[in-house]
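Derivation of every value follows stated rules applied to the coordinates shown; laboratory data play no part. Note that the structure is a prediction, hence the values are computed from the model and not measured. All Cβ positions, even for glycine, are placed from backbone atoms using ideal geometry, and neighbour counts span all protein chains on display.
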Amino acid sequence: MNLYLDTSALVKLYVEERGRTALVEAVSEAEIVATSMVAYVEARAAFARRHRERVLAPADYRRSVRDLDGDWSRYLRFEVSEALVRAAGRLAERYRLRAYDAVHLASALVMRDQLGEVVFACWDSGLNATARRAGLALLSA
């Protein structure tokens, strides 16, 4: 299985949240795990926000950052190229997506075009519905 992680899924790998167990299992079974380059900064921002809001203890915050940094090179990372940005722009207009949601969807569709079947892992119901309409399989969590 080829698995694409949006930021909500990527964060879930490093922060204890509902659905994490199923996601960790899917990642361990996947041949390829991919995300967009923008997911790194989005994940770091999510960790920092949880830390500021005292949802994530200082030690857990440091561990999350350290573990993400350690794993980052293992992911297939989609660059935010001119072609990808233009595709994301079209998807944003067509499906009324937020900017980075459109980047993630465009990246997953490029992955599917390059590698075949892709399972889209996301914990945003609106983006999941759009990914399904765009022809992607969804991770069942």
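Is it the case, given these coordinates, that GLY116 is touching a residue at least 60 places away in the same chain (Cβ under 8 Å) and surrounded by fewer than 12 Cβ atoms within 10 Å (Cβ to Cβ)? Yes. Within segment 6-24, the set of residues being surrounded by 14 or more Cβ atoms within 10 Å (Cβ to Cβ) and assigned to a helix (DSSP H, G or I) comprises THR7, SER8, ALA9, LEU10, VAL11, LYS12, ARG20, ALA22, LEU23.
Yes/no per residue for (1) farther than 15 Å from SER36 by Cα; (2) touching a Phe, Trp or Tyr at 6+ places or on another chain (Cβ under 7 Å); (3) not hydrophobic (A, V, I, L, M, F, W, C):
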| position | (1), (2), (3) |
| --- | --- |
| ARG94 | yes, no, yes |
| ALA99 | no, no, no |
| HIS104 | no, no, yes |
| MET111 | no, yes, no |
| LEU115 | yes, no, no |
| PHE120 | no, yes, no |
| SER125 | yes, no, yes |
| ARG132 | yes, no, yes |
| GLY135 | yes, no, yes |
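Of the candidates LEU91, LEU68, LEU76, the single residue that is under 15 Å from SER8 (Cβ atoms) and either out of contact with any Cys (no Cβ under 9 Å at 6 or more places or on another chain) or surrounded by fewer than 19 Cβ atoms within 10 Å (Cβ to Cβ) (or both) is LEU68. The single residue among TYR100, TYR75, TYR61, TYR40 that is over 17 Å from the mean Cα position of the chain (by Cα) and among the aromatic types (Phe, Trp, Tyr) turns out to be TYR61. Residues that are in contact with a helix residue (DSSP H, G or I) (Cβ under 8 Å, 6 or more places away or on another chain) and surrounded by fewer than 21 Cβ atoms within 10 Å (Cβ to Cβ) were ranked within segment 25-41; the one that is farthest from ALA99 (Cα to Cα) is ILE32.
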